[in-house]
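Following: one structure in structure tokens, then a few remarks.
The values are calculated or read from the model by the stated rules, or taken from the named source; none is laboratory data. These figures come from a predicted structure and were not determined experimentally. Positions of Cβ are generated from backbone atoms using ideal geometry, with glycine treated the same way; all protein chains shown enter the neighbour counts. The accessibility values were calculated without ligands, DNA or RNA, using every heavy atom of the protein model including side chains. Shrake-Rupley method; radii C 1.70, N 1.55, O 1.52, S 1.80 Å.
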Amino acid sequence: MMTSGSAAVSPVLAEVVRSGFVEGLHRGTLVLLAADGSVELELGDPEVPVFPRSSNKPMQAAAVLRAGLGLSGERLALAAASHSGEGFHLALVREMLAEHGLTADDLRTPPDLPLDRVEAEAYLAGGGVRDRVVMNCSGKHTAMLAACALNGWPKDNYLDPAHPLQKLVRMVVEEAAGERVPAVGTDGCGAPLMALTLTGLARSFRHFVLAAPGTAERRVADAMREHPEYVAGTRRIDTWLMSEVPGTLSKMGAEGVQAVALADGRALAFKIDDGGVRALGPVLARALQLLGVEAEALFRIGRAPLLGGGVEVGGIRAAF
């Protein structure tokens, strides 16, 4: 992908085809890792750092476990989630806040609508307004605040990169990725955002699925895989993939980022340069095919139709 001061042009990962005519391209960078962790395929330069966005959430969830927070099951999956804002997501966030003596006012998530469009329409039709609990990162923020309360750490600045919890997050990220964080930004939810190379991101997911049972990393991976609907939602790619391909750990990130690890350590990570989420499914399905995955879910994941007059006239397709 292109970065400041670089003239490199990323390869085309997906084509936009309307009525048999290629009307657009999505460029990006992709890396596939074999089961032994070696690089099996790279398109573009996967050693250029990116912001993984919400693909970093498993590492953030592992950090709250290392801080002593005793989450498990759906609660731990929700701590690693970019939830759709469905009723069961919001109910559990509110339960978790109450369980740890917190309120919605403690959250520093920006007030938002449900991430899922269908849920957002229903929420607005029911008179809902933008709310901190509804924001898709509210599970993660609740877990972070609970870890602070448990350790006696200040809650008002829990998103400061110098906060003890965020220092722990950085340590977990670097350990899992096997590399130093080259830059720290601010994510859409306000939390510190640790940059990684795509190779490092793929390594981190591989690290989580291969971690020893009982470790923070394995506990997060197991919770996400056992309760994928809490990681995403009922109409989301991560949920479909983890539900239908046993042992798979999957987490998307904003701006066209995706990371996946299979149970045996095969892994992938990619970034769509223009942030086009519409290309994510087709690119992911093709990457999984190249890793040897055979599952009916790939057809659903890879479908990205284009409409003309309400009728399907084309779609987004992988170009590698």
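The figures follow:
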item	result
Carbon plus sulfur fraction of accessible area for region 38-99, probe 1.4 Å, in percent	50 percent
Percent RCO, i.e. relative contact order, over region 8-96, from Cα pairs under 8 Å lying at least 6 residues apart	16 percent
About the Cα centre, charge dipole magnitude for the chain (Lys/Arg +1, Asp/Glu -1 at Cβ), debye	180 debye
Extension gain from A98 to R18, taking 0.36 nm per residue of separation minus the Cα-Cα distance	23.8 nm
Surrounding net charge for V22, when Lys and Arg each add one and Asp and Glu each subtract one, Cβ distance under 14 Å	+1
Nonlocal amide H pairs with A319, under 5 Å, H built at 1.01 Å	A14, E15
Taking the chain and dividing mean pair separation by its residue count, relative contact order in percent (alpha carbons under 8 Å, at least six apart)	25 percent
Label-to-label distance, nm, for residues given as V129 and E296 (7 Å Cα→Cβ offset)	4.5 nm
Viscosity 0.692 mPa s, 37 °C: Kirkwood-radius Stokes-Einstein D of the chain over Cα pairs, µm²/s	166 µm²/s
Per-residue HN-Hα couplings for region 290-304 [Karplus 6.51, -1.76, 1.60; θ = phi - 60°; Hz; x = Gly/Pro]	5, 7, x, 7, 10, 7, 4, 4, 5, 5, 5, 5, x, 7, 9
Rounded to the nearest 20 debye, dipole of region 149-249 from Cβ charges on Lys, Arg, Asp, Glu	100 debye
L306 long-range amide H proximity, modeled H, under 5 Å	V313, G314, G315, I316
Label-zone membership for region 62-81, site N151, 7 angstrom Cα→C-beta point, backbone N under 16 Å	62-71
Those Cys residues of the chain for which no other cysteine Cβ falls under 4.7 Å	C148
Within a Gaussian network of the chain (alpha carbon springs, distance under 10 Å), most fluctuating of T239, T103, T199	T103
Karplus-derived HN-Hα couplings along region 207-213 (A = 6.51, B = -1.76, C = 1.60, θ = phi - 60°), whole Hz, x at Gly and Pro	4, 5, 6, 9, 5, 5, x
Rounded to 10°, Cα long-axis angle of helix 216-226 versus longest principal axis of the chain	60 degrees
Under the Karplus curve 6.51 cos²θ - 1.76 cosθ + 1.60, θ = phi - 60°, whole-Hz ³J(HN,Hα) for region 263-273, x wherever Gly or Pro sits	4, 8, x, 4, 8, 8, 8, 8, 9, 7, 3
Long-range HN-HN contacts of R132 with modeled amide H, under 5 Å	D112
